Amino acid sequence: MSARTLSRAVRLFVQSPLAEAAVVQLSTAQTHHLASVMRRQPGDSVLLFNGYDGEWLGRIRTIARSHRATVSVEAQMHKQKPEPDLWLLFAHLKRDATNLVVEKATELGVNALLPVVTERTVAPQRANVERLTAIAIEAAEQSERLSVPLIHSLQPLPVVLATWPHARRLYVALERAPVPRLGLGGLLRAEPAALLVGPEGGFTPGEVDLICAQPFTCPVSLGERILRAETACLAGLALLQAY
Ligand code: SAH
């Protein structure tokens, strides 16, 4: 298979186990995408991944608009490998900003996204986990990831802090605070990590006190400029991921 053919192969996330000679049935949406948008036909190749069996080359067996397409699994292209152990906690934002954060955080390698409610959160009090997971799947497919990050349902920040796994360091983005700059010096450690970003209105002083009182938190600055929450998420993740 030439590099050119591979670069054009459609990559799809599936729920089924992947192994040589397995036959996988695609979803109705995937079938529609392959048949009507990508104009694929029987015999065309696709790449499949499920989050635990690595990436496999498959060949379309049947594809008709009225039925779910089937794909025969042929050969493993990549073994499963661990993603960076990085979580993102973010104060739930308005719909478009949340969509952007989920898509870009997936591209930047996070393996869990935890939307949280803070005192100044103005976004809806419910996160549509199904819609956000669909966005994460699409971003994982196009960014050649081998897994899809887990999207948690919305939780109050104090609950997340109270049940936090202490071995995971939580870097908290605080603007206008005399705290070290993320990514500089010996701040980053080789251990499971997470980034917390506040809402457009920032954290309240009470929340800052609560956050800083936790033994696992590490307040950090992202520079002199005040960033929009979604920019802060992506800038912070890029710095953590570079490590
Ligand atoms: N309205 C607030 C700014 C909030 S910015 C004010 O004017 O003070 C939204 C979130 O992005 C903040 O809660 C913080 O987590 C993060 N953030 C933005 N700029 C930052 C910076 N320079 N350093 C660290 N965190 C930042």
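Straight-line cross-link partners of K104 among the aspartates and glutamates, defined as a Cα under 19 Å from its Cα and at least 8 positions apart when in the same chain: E83, D85, D96, E130, E138, E141, E144, E200, E230. Once the Cβ-Cβ distance of A213 and T133 is raised to the sixth power relative to R0 = 35 Å, the FRET efficiency obtained is 0.60. Relative to the longest principal axis of the Cα atoms of the chain, helix 129-142 runs at roughly 60 degrees. Given +1 at the Cβ of Lys and Arg, -1 at the Cβ of Asp and Glu and no other charges, the dipole of the chain around its Cα centre is 560 debye to the nearest 20. Taking 0.36 nm per residue of sequence separation and removing the Cα-Cα distance, the Q80/A177 pair yields an extension gain of 30.8 nm. Charge tally for V73 (other residues, Cβ to Cβ under 13 Å; Lys, Arg +1; Asp, Glu -1): -2. Placing unit charges on each Cβ (+1 for Lys and Arg, -1 for Asp and Glu) gives the chain a dipole about its Cα centre, and among Y171, C212, L227 the Cα reaching farthest toward its positive end belongs to L227. Sorted on the mean count of surrounding Cβ atoms within 10 Å across their residues, most packed first, peptides 97-103, 159-165 read 97-103, 159-165. Scaled to the globular estimate 2.2 N^0.38 Å, the Cα spread of region 117-229, given as radius of gyration, is 1.16. Using only alpha carbons, region 6-101 has a radius of gyration to Kirkwood radius ratio (Rg to Rh) of 1.07. To the nearest 10 degrees, how steeply does helix 229-242 sit against the main Cα axis of the chain, on a 0 to 90 scale? Tilt relative to the chain: about 80 degrees. In whole percents, the pair-distance distribution calculated for region 120-160 from its alpha-carbon pairs, binned every 5 Å from zero, is 5, 21, 22, 19, 15, 11, 6, 0.
Using alpha carbons only, the radius of gyration of the chain set against its Kirkwood radius gives Rg/Rh = 1.05.
Every number in this text was worked out from the coordinates using simple rules, so none of it is lab data. Quick caveat, the model's predicted, so the values are computed rather than measured. We place every Cβ from the backbone using ideal geometry, glycine too, and count neighbours over all the protein chains shown.
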